[in-house]
């Protein structure tokens, strides 16, 4: 089981500006039995890479039954490199801001004599590269998609928070014993803001550390261009291809060599045309031709891929079925609460739209929204409330964000109607977690979900019925994030 712990991330004492300021006279090589900061007892080494070693350790200050953490220390060969400590510090800072179920948790950054280390979530399982050595012919679709989706969601979340991983590869993906997918090692990740600030003056730091992995690095990374989320998309495409076939898409050739030789990957068996086109777009040799966002890749590559032009009509058909519409019952349909909601949304967004937005883009957004709701419902079924909430409202690629985007930018009424139908389903998706959390005597969290659903559809009877009882159990309910969007007086 992965360890879930909350740490106060602090730095005890002054950390040097770079690794050259460490005092070699105080050098103590980390080894099993060593105690760091009178707190972390190193047990055994879990692994080693070019920049670091990772140890299993016991945290003496933990009082629960599972005191194990992972300690990552700077490797001896990099201690005197002027950017090594900067890289490790960046990994901590990046990881601290990324709270996602598919990204490894990082808790603490400190030093003990000349040993600079960080404390991470300890996970039981194996790295993806080791796992794939036992599956050299590739994986069945369902198993491969589970891993691809977890990796893609982690990268999408990172990109939404302005972070580019820059060294995504199977060795930086971990599969836990509970079949969770975790992306780790952000040691050379750079924020987009940093990239923009330094793109004209500083060569990418990962190149200086020789930390790029040639088989998964984009052409632009070899050329020293500033980091871009599409670098991660290229690596994700390589990993997806490897998972499905057991082979690198260009037989291990570097991207720049594949481009020079005009290499094209062979189509993996079993992929539909739309999926194959999505994979090819992620592997484009030129950045401008590559998929722009990980969620876009997942939406196009996923198992539910449909004809994009059919998206709005499928959503409208689903809305008709949900509303209980049959041929000859138009008057009943018009009078339903669901249709009234849709009509109100169409009136609200009647004068919005961007004529330059194409039908294919709108259909892709609608499809992405539907997939996010499906993934949220699956997470809620396993009581993964934070994960489910992320898909509904937790990022700039969530279902709510996507449907809002269609309502504001779609130039035609049919697409807006489909997005309004998606909003109905989005509001209904909050029913399950709100009811379940209420049963678990977690009224504050239940109220947050109920409020979010009611803020979308004030006519939802399930959520509306839950609100009064939940609000009575929670002091000052108006300060809860989801309830701030409700009209004043709703909770009274």
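The values are calculated or read from the model by the stated rules, or taken from the named source; none is laboratory data. These numbers were taken from a predicted model, which means no experiment stands behind them. Here Cβ is always computed from backbone atoms with ideal geometry, including for glycine, and neighbour counts include all displayed protein chains.
Among the residues in the stretch 340-357, are any in a loop (DSSP other than H, G, I, E, B), at pLDDT 85 or above and either buried (at least 22 other Cβ atoms within 10 Å of the Cβ) or in contact with a strand residue (DSSP E or B) (Cβ under 8 Å, 6 or more places away or on another chain) (or both)? No, the conditions are met nowhere in the stretch 340-357.
The residues listed here are 429, 446, 481; of these, the one that is under 24 Å from the mean Cα position of the chain (by Cα) and within 25 Å of residue 340 (Cβ to Cβ) is 429.
Please verify whether residue 423 is over 15 Å from residue 156 (Cα atoms) and assigned by TED's automatic domain parsing to the domain that holds residue 459, treating the condition exactly as stated. For residue 423, the condition - over 15 Å from residue 156 (Cα atoms) and assigned by TED's automatic domain parsing to the domain that holds residue 459 - is met. If we keep just the residues of the stretch 267-276 that are assigned to a loop (DSSP other than H, G, I, E, B) and in contact with a helix residue (DSSP H, G or I) (Cβ under 8 Å, 6 or more places away or on another chain), which is surrounded by the most Cβ atoms within 10 Å (Cβ to Cβ)? Across the stretch 267-276, the extreme among qualifying residues is 268. Of all residues in the stretch 111-124, those satisfying the criterion of being touching a strand residue (DSSP E or B) at 6+ places or on another chain (Cβ under 6 Å) and assigned to a strand (DSSP E or B) are 112, 115, 116, 117, 118, 119, 120.
Residues in the stretch 282-294 that are touching a residue at least 40 places away in the same chain (Cβ under 8 Å) and assigned to a helix (DSSP H, G or I): 282, 287, 294.
A quick yes/no check of all residues on (1) under 18 Å from residue 128 (Cα atoms); (2) outside the structural domain of residue 139 (by TED's automatic domain parsing); (3) in contact with a strand residue (DSSP E or B) (Cβ under 8 Å, 6 or more places away or on another chain):
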| position | (1), (2), (3) |
| --- | --- |
| 215 | yes, no, no |
| 222 | no, no, no |
| 227 | no, no, yes |
| 249 | yes, no, no |
| 268 | no, no, no |
| 273 | no, no, no |
| 276 | no, no, no |
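For the residues 156, 144, 84, the requirement of being closer than 24 Å to residue 224 by Cα, modelled with pLDDT of 85 or more and touching a helix residue (DSSP H, G or I) at 6+ places or on another chain (Cβ under 6 Å) singles out 156.
The number of residues in the stretch 456-482 that are assigned to a helix (DSSP H, G or I) and over 15 Å from residue 433 (Cβ atoms) comes to 11. Residue check: is residue 366 buried (at least 19 other Cβ atoms within 10 Å of the Cβ), closer than 29 Å to residue 435 by Cβ and modelled with pLDDT under 85? For residue 366, the condition - buried (at least 19 other Cβ atoms within 10 Å of the Cβ), closer than 29 Å to residue 435 by Cβ and modelled with pLDDT under 85 - is not met.
In the stretch 206-214, is there at least one residue being at pLDDT 90 or above and either surrounded by 16 or more Cβ atoms within 10 Å (Cβ to Cβ) or not in a loop (DSSP other than H, G, I, E, B) (or both)? Checked the stretch 206-214: at least one residue is at pLDDT 90 or above and either surrounded by 16 or more Cβ atoms within 10 Å (Cβ to Cβ) or not in a loop (DSSP other than H, G, I, E, B) (or both).
For every residue, the table says whether it meets (1) touching a residue at least 60 places away in the same chain (Cβ under 8 Å); (2) more than 20 Å from residue 391 (Cβ to Cβ); (3) buried (at least 22 other Cβ atoms within 10 Å of the Cβ).
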position	(1), (2), (3)
432	no, no, no
438	no, yes, no
450	no, no, yes
459	yes, yes, no
468	no, yes, no
471	no, yes, no
487	no, yes, no
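Taken together, 13, 33 contain a single residue that is at pLDDT 75 or above and either in contact with a strand residue (DSSP E or B) (Cβ under 6 Å, 6 or more places away or on another chain) or assigned to a loop (DSSP other than H, G, I, E, B) (or both), which is 33. Considering only the stretch 148-163, I want to know if a residue exists there that is assigned by TED's automatic domain parsing to the domain that holds residue 222, surrounded by fewer than 23 Cβ atoms within 10 Å (Cβ to Cβ) and not in a helix (DSSP H, G or I). Among the residues of the stretch 148-163, at least one is assigned by TED's automatic domain parsing to the domain that holds residue 222, surrounded by fewer than 23 Cβ atoms within 10 Å (Cβ to Cβ) and not in a helix (DSSP H, G or I), which makes the answer yes.
Being assigned to a helix (DSSP H, G or I), at pLDDT 90 or above and touching a helix residue (DSSP H, G or I) at 6+ places or on another chain (Cβ under 7 Å): is that true of residue 392 here?
yes
Picking from residues in the stretch 125-143 that are closer than 14 Å to residue 181 by Cβ and outside any helix (DSSP H, G or I), the one that is nearest to the chain's Cα centre (by Cα) is 127.
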